[in-house]
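The structure appears below as structure tokens.
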């Protein structure tokens, strides 16, 4: 037992030391991210002192870019399942070794999600009121309590799976199937659940007709399975370029077909939503009208949503056409899909739900500089986590670091 | 990343060939780390301005429903001390419990309301809301005749005189729903419905996630976006724990039917200030009460947004 | 440039970058909260619970000046009042009563002082069925025509009630008709509304000149 603990300690220690060494590109990248993280921390310190008045939010639009980014990134985290399913359900060989990159992305994404929720709290010092057992946990009534469970559960599942597989690889032994395969399958279901629960957060609000629509859940999943794998396609190419890790084009093209189908479903569901809203033209169309065309002279979101739709449409056509078998076009499509969905699901979903207010008032929202800096800080922190995790994982996967070459 | 370097073991990257070069590397790395830590410390500099954000006592304060009477007495005493220190007035702060056999209902006569907004400001004065930034529990909408579509309502009318021709006025505040959406969504049970029908908030338990604000179909909830400000001479010293005691930055608040008055048997401030007598309040379980009379005798009364299933205890009615 | 010197360059740049950041944080160069226009305190007149006017009952209760209701300071008990009408059958008010605005109802059927005032004792009122009422007992009189409203008023549903809803815990006060309605012209008088809501984020005009411009 003591020996096992000591072995594990050496492993953790070596991994941690790895995070601080690299070539000049690594330092430049990490330094660049750190600078923005620091900017974010500074901005948050200001918000912590003055309160959320430093944001563009108000009683009328009481959630803004924090929750918008949170919602989007939950989707990115869930998308790890899109690597896991082909491998473990359909025994896809190409993606087999890449699963761990998806799972590490999920871990980083959940860390970002939790950060975004924390910065949105008015009383972060009272976070312990949320902890089951010592606080008051309104389960199962509040969807937010479900979200706390599924997000933290998903984090633990992925940390366990990645950590266990990497440790086994480090030790040079075969992982015990019973110790991770069940968790892999639980994680697949769990990935769907984190995003469904996040959708239910909105769907469950009867007083907000823009969100109170059963299609929001499926749209969330479809858009997540587009944006997430798009990011993974891009990330894998970066890994391939800066490390000696072998990633085949075939693996990328397998992911392409996932993005392709998801994007089609995503656009199809969007069309459904738009039809229902505008053809029936009930009083509840006001938010959609505000989003797409502007309402009573207020149209802050109109350019954004049309940019998003243009991005999604171009991405969809690129993905359908055979030209996206060339990585150049595939990358363009992935970037467009990612940006398009980020706008559509972030600002395009959260903000119009508040406009007009339930009393018909129109108060527009735009994030402040401080708010934007906090968001950028958290994004950079997420990238910092992901880079660090990859920095540790890749040498282990390549066998450069293993029990065999322990010096201590 | 380092894998492009010829050395397969990045651990050995720390063992450079030459002594002098290693020293320079060490200095450079130390400089980065030192300036990085300095930048982090500087980034946290705004925290210097943090004033009485929390104390150990406040941080560890128990949930309202789990406090013993002794705990509550201690907390009330702390609040009295804090209020006195900040506003120079010794307040009476009580923890008023709901009465047996009482369910409050509010009725508002849309035929009578003239849209003068006195209720809005009497409410602010009674309930110690922040004056700047402004927090108000009541919104009065100026509605064109013939429609109950709230989107047609004007919130910011600034007429020379009210009432105006071809409009009616619709004040909206917390509807004290029988199925409150806000209570359901609160992740920490910081808001709940008491047995007299009032939905209250434990201001010291709320984490400020604003989910209730998103859930409320009546725009009834308000958030303290920053430290609330109340001029000393406008503080109402008659306070209740779940009612009008001063709130802090980062928590929700809303109309609580003036708990500090109504649970002591009195009418709410908005009822007593209405020059048109449009506001009626009372115990619906008492058949002799004004509200029972209204629900029995007035032909048309509406619960706002009945379709959302919240079943408000706030009724709008019309004369004849 | 070899990899080592590139690393050195990166480290130096980062060191400088961190120094610059630390300085700008300490100098608080950006991210200041937007200036908000101050919200003026509301006039206390909008908070106090006065009614539209004061009735005789209110004045008596407040022990205020009720000399206006002492008719026989000017009138002569032995000399009954004669009402004069113009060609449109509108009352011609004597100069002493020019302050009255005659507008009870949208017709002229109330164009007779003695519909309500008692011609035999001007300091009292009379109902149509001949009952004599004190001046502060006016609701009975109003109720003799306005039945449903009177019924609501008796139930506390028309007009304002203040004090204790829980009658076991304390008293209550019900305002009488003339506290809000001028008997001679009962339509509820219009008034200036209290100021409306102020938005949380309001742009402040940067200079007075700009303010004037708007």
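For the reader, a short list of remarks on this structure follows.
- One residue alone among A:320, A:355 is in contact (Cβ under 8 Å) with a residue 60 or more places away in the chain, in contact with a helix residue (DSSP H, G or I) (Cβ under 8 Å, 6 or more places away or on another chain) and surrounded by 21 or more Cβ atoms within 10 Å (Cβ to Cβ), and that residue is A:355.
- Within the range B:276-293, considering residues that are assigned to a helix (DSSP H, G or I) and within 7 Å of another protein chain (Cβ to nearest Cβ), the one surrounded by the fewest Cβ atoms within 10 Å (Cβ to Cβ): B:293
- Within the range A:168-189, the residues that satisfy the criterion of being in contact with a helix residue (DSSP H, G or I) (Cβ under 6 Å, 6 or more places away or on another chain) and in a helix (DSSP H, G or I) are A:169, A:170, A:171, A:180, A:183, A:184, A:187, A:188.
- Any hit, the range B:105-116, residues being surrounded by fewer than 18 Cβ atoms within 10 Å (Cβ to Cβ) and farther than 21 Å from residue B:202 by Cα: yes
- Output for the range C:122-165, where each listed residue is farther than 30 Å from residue B:291 by Cβ, surrounded by fewer than 17 Cβ atoms within 10 Å (Cβ to Cβ) and in contact (Cβ under 8 Å) with a residue 12 or more places away in the chain: C:123, C:128, C:129, C:132
Residue-wise test of (1) facing another protein chain (nearest Cβ under 8 Å); (2) under 23 Å from the mean Cα position of the chain (by Cα); (3) under 22 Å from residue B:105 (Cβ atoms).
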site	(1), (2), (3)
C:130	no, no, no
C:134	no, no, no
C:139	no, yes, no
C:143	no, no, no
C:156	yes, yes, yes
C:160	yes, yes, yes
C:164	yes, yes, yes
C:173	no, yes, yes
C:177	no, yes, no
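- For residue B:151: the one exception among (1) without any contact (Cβ under 8 Å) to a residue 24 or more places away in the chain; (2) in a loop (DSSP other than H, G, I, E, B); (3) facing chain A (nearest Cβ under 7 Å): (2)
- Residues within the range A:125-167 that are under 24 Å from the mean Cα position of the chain (by Cα) and more than 8 Å from chain B (Cβ to nearest Cβ), tallied: 21
- Any chance residue A:204 is touching a residue at least 12 places away in the same chain (Cβ under 8 Å), touching a helix residue (DSSP H, G or I) at 6+ places or on another chain (Cβ under 7 Å) and on the phi > 0 side of the Ramachandran plot: no
- For residue B:143, the conditions (1) in a strand (DSSP E or B); (2) farther than 26 Å from residue A:58 by Cβ; (3) out of contact with any helix residue (DSSP H, G or I) (no Cβ under 6 Å at 6 or more places or on another chain) are fulfilled apart from (2).
- Qualifying residue in the range B:65-80 (condition: at pLDDT 95 or above and either under 30 Å from residue C:155 (Cα atoms) or part of a loop (DSSP other than H, G, I, E, B) (or both)): yes
Residues checked against (1) at pLDDT 95 or above; (2) more than 23 Å from residue A:86 (Cβ to Cβ); (3) touching a strand residue (DSSP E or B) at 6+ places or on another chain (Cβ under 6 Å):
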{"site": "A:119", "(1), (2), (3)": "yes, yes, no"}
{"site": "A:131", "(1), (2), (3)": "no, yes, no"}
{"site": "A:134", "(1), (2), (3)": "no, yes, no"}
{"site": "A:146", "(1), (2), (3)": "yes, yes, no"}
{"site": "A:165", "(1), (2), (3)": "no, no, no"}
{"site": "A:181", "(1), (2), (3)": "no, no, no"}
{"site": "A:187", "(1), (2), (3)": "no, no, no"}
{"site": "A:193", "(1), (2), (3)": "no, no, no"}
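- Residue check for residue C:17: under 13 Å from residue A:31 (Cα atoms), within 8 Å of another protein chain (Cβ to nearest Cβ) and surrounded by 15 or more Cβ atoms within 10 Å (Cβ to Cβ): yes
- From the list A:349, A:336, A:390, A:369, the one residue that fits, being within 22 Å of residue A:106 (Cβ to Cβ) and away from chain B (no Cβ under 11 Å), is A:349.
- Within the range B:294-320, the set of residues being more than 9 Å from chain C (Cβ to nearest Cβ), outside any loop (DSSP other than H, G, I, E, B) and touching a residue at least 40 places away in the same chain (Cβ under 8 Å) comprises B:295, B:301, B:302, B:308, B:314, B:315, B:316, B:317.
- Scanning the range B:178-198 for residues that are assigned to a helix (DSSP H, G or I), crowded, with 22+ Cβ neighbours inside 10 Å and touching a strand residue (DSSP E or B) at 6+ places or on another chain (Cβ under 8 Å) turns up just one, B:182.
- Of the residues making up the range B:240-250, those that are closer than 20 Å to residue B:173 by Cα and either away from chain A (no Cβ under 14 Å) or surrounded by fewer than 22 Cβ atoms within 10 Å (Cβ to Cβ) (or both) number 6.
- Here residue C:114 fulfils each of the conditions (1) surrounded by 15 or more Cβ atoms within 10 Å (Cβ to Cβ); (2) part of a helix (DSSP H, G or I) apart from (1).
- Search result, residues across the range B:82-123 that are part of a loop (DSSP other than H, G, I, E, B) and facing another protein chain (nearest Cβ under 9 Å): B:99, B:102, B:112, B:114, B:115, B:116, B:117
- From C:186, C:195, residue being at the interface with another protein chain (Cβ under 10 Å from one of its Cβ atoms), at pLDDT 90 or above, under 17 Å from the mean Cα position of the chain (by Cα) and surrounded by 13 or more Cβ atoms within 10 Å (Cβ to Cβ): C:195
- Residues of the range C:27-46 satisfying the condition of being in contact with a helix residue (DSSP H, G or I) (Cβ under 6 Å, 6 or more places away or on another chain) and either more than 7 Å from every other protein chain (Cβ to nearest Cβ) or at pLDDT below 95 (or both): C:31, C:33
- Total residues in the range B:255-275, condition closer than 17 Å to residue B:290 by Cβ, outside any helix (DSSP H, G or I), in contact (Cβ under 8 Å) with a residue 12 or more places away in the chain and within 7 Å of chain C (Cβ to nearest Cβ): 2
- In the range B:155-177, residue surrounded by the fewest Cβ atoms within 10 Å (Cβ to Cβ) [restricted to those that are under 25 Å from residue B:245 (Cα atoms) and either free of Cβ contacts under 8 Å to residues at least 24 places away in the same chain or more than 7 Å from every other protein chain (Cβ to nearest Cβ) (or both)]: B:171
- Only one of the listed residues (A:330, A:318, A:359, A:269) is over 19 Å from residue A:64 (Cβ atoms) and not in a helix (DSSP H, G or I). That residue is A:359.
- Residue list for the range A:178-200, filter: closer than 18 Å to residue B:181 by Cα and free of Cβ contacts under 8 Å to residues at least 60 places away in the same chain: A:197, A:199, A:200
The values are calculated or read from the model by the stated rules, or taken from the named source; none is laboratory data. Note that the coordinates shown come from a computational prediction; the quantities given were computed from them, not determined experimentally. Cβ sites come from the backbone with ideal geometry, for glycine too, and all protein chains shown count toward neighbours.
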